Amino acid sequence: MAGAKLIVGNWKMHGLSGAAGEIDAIIAGLPETTANAIVCPPFTLVAAFAARTAGTPLRIGAQDVHPGAMGAHTGDIAAAMLVDAGAVAVIVGHSERRAGHAETDAIVRAKTAAAVAAGLMAIVCVGETAAERRAGEAVAVVERQLAGSLPAGGDYAVAYEPVWAIGSGLTPTAAEIAAMHAAIRAVVGPRPRILYGGSVKPGNAAELLAIADVDGALVGGASLAARDFLAIVGASPPA
Ligand code: PGA
């Protein structure tokens, strides 16, 4: 997809109310004319951050959603609740949830469907393990995840996040990312954004965001400090 890049910060299980200062710093430094930016804090901060960013270019998302409507699901969060709290997007199927919460493709697809039905942009994560890449199966694994987890329609983005690149400081080569994003593009068609995620830092963001079919980035560790997140947003080439 051509157009402005989308930079999404995934705070994971980090952030207390005092982290609002980072949000204020991002708002203050966000150039209005470049990439679109979304920060996904833990659930506990979604409503407060959404209120804080109202009327600014920074938007707020969440990191997970329950596939069902509101009901008897202790500890879970429905898509309608995220919308009500002011979220515009939600990450689904992150590898830490696929691994840590046994989320299958079918569960991810149900979550994605619930998100898009509620009007949220679903950011659907896919990616191979190191062993799968070594075995030459990376593209096949990602194609299988896409076939199993994408919604039938609606507003969604795909985030290609090689499991071995998350939090490791390692990234695939530009050629490997280009090849994977081309394979994903062949599945999703021209409209959805395809983000790259996995050790995106201020120092490599410009190079990664210039790769063909890389429409943005999903950023973990480097999104926790406003300065680093802003540097990544600022590394986006103009639309
Ligand atoms: P990282 O995490 O940027 O810290 O590698 C990315 C992610 O897990 O979304």
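The values are calculated or read from the model by the stated rules, or taken from the named source; none is laboratory data. In this text the structure is predicted, and so the values were computed from the model without any measurement. Positions of Cβ are backbone-derived with ideal geometry, glycine not excepted, and every protein chain shown enters the neighbour counts.
Do we have residue 189 as more than 26 Å from residue 57 (Cα to Cα), free of Cβ contacts under 8 Å to residues at least 12 places away in the same chain and exposed (fewer than 15 other Cβ atoms within 10 Å of the Cβ) here? Answer is yes for this residue. Name the single residue that is nearest to the ligand (Cβ to nearest atom) among those in segment 150-188 being at pLDDT below 95 and either small (Gly, Ala, Ser) or assigned to a helix (DSSP H, G or I) (or both). Per the stated criteria, the residue is 154. Of the residues making up segment 15-32, just one is surrounded by fewer than 19 Cβ atoms within 10 Å (Cβ to Cβ) and closer than 15 Å to residue 61 by Cβ, namely 15. Restrict the check to segment 117-139 and report whether at least one residue is closer than 20 Å to residue 189 by Cα, within 16 Å of the ligand (Cβ to nearest atom), assigned to a helix (DSSP H, G or I) and touching a strand residue (DSSP E or B) at 6+ places or on another chain (Cβ under 6 Å). Among the residues of segment 117-139, not one is closer than 20 Å to residue 189 by Cα, within 16 Å of the ligand (Cβ to nearest atom), assigned to a helix (DSSP H, G or I) and touching a strand residue (DSSP E or B) at 6+ places or on another chain (Cβ under 6 Å), which makes the answer no.
Mind checking which residues of segment 154-173 are on the phi < 0 side of the Ramachandran plot and surrounded by fewer than 15 Cβ atoms within 10 Å (Cβ to Cβ)? Write out each step before concluding.
Going residue by residue through segment 154-173, those that are on the phi < 0 side of the Ramachandran plot are 155-166, 168, 170-173.
Residues satisfying the conditions are 168, 170, 173.
Looking at segment 45-77 only, could you name the residues that are touching a helix residue (DSSP H, G or I) at 6+ places or on another chain (Cβ under 8 Å) and part of a helix (DSSP H, G or I)? Across segment 45-77, the qualifying residues are 45, 46, 47, 48, 49, 50, 52, 53. Among the conditions (1) part of a helix (DSSP H, G or I); (2) within 14 Å of the ligand (Cβ to nearest atom), residue 112 misses just one, which is (2).
Inside segment 203-222, residues that are outside any helix (DSSP H, G or I), buried (at least 18 other Cβ atoms within 10 Å of the Cβ) and within 15 Å of the ligand (Cβ to nearest atom) make up a count of 6.
Within segment 34-44, being in contact (Cβ under 8 Å) with a residue 60 or more places away in the chain and either assigned to a loop (DSSP other than H, G, I, E, B) or acidic (Asp, Glu) (or both) holds for 34, 35. Residue check: residue 121 meets all listed conditions (1) in contact with a helix residue (DSSP H, G or I) (Cβ under 7 Å, 6 or more places away or on another chain); (2) among the hydrophobic types (A, V, I, L, M, F, W, C); (3) within 23 Å of residue 6 (Cβ to Cβ) but one, namely (1).
Here 80, 102 are screened, and the one residue that is more than 16 Å from the ligand (Cβ to nearest atom), among the small types (Gly, Ala, Ser) and in a helix (DSSP H, G or I) is 80.
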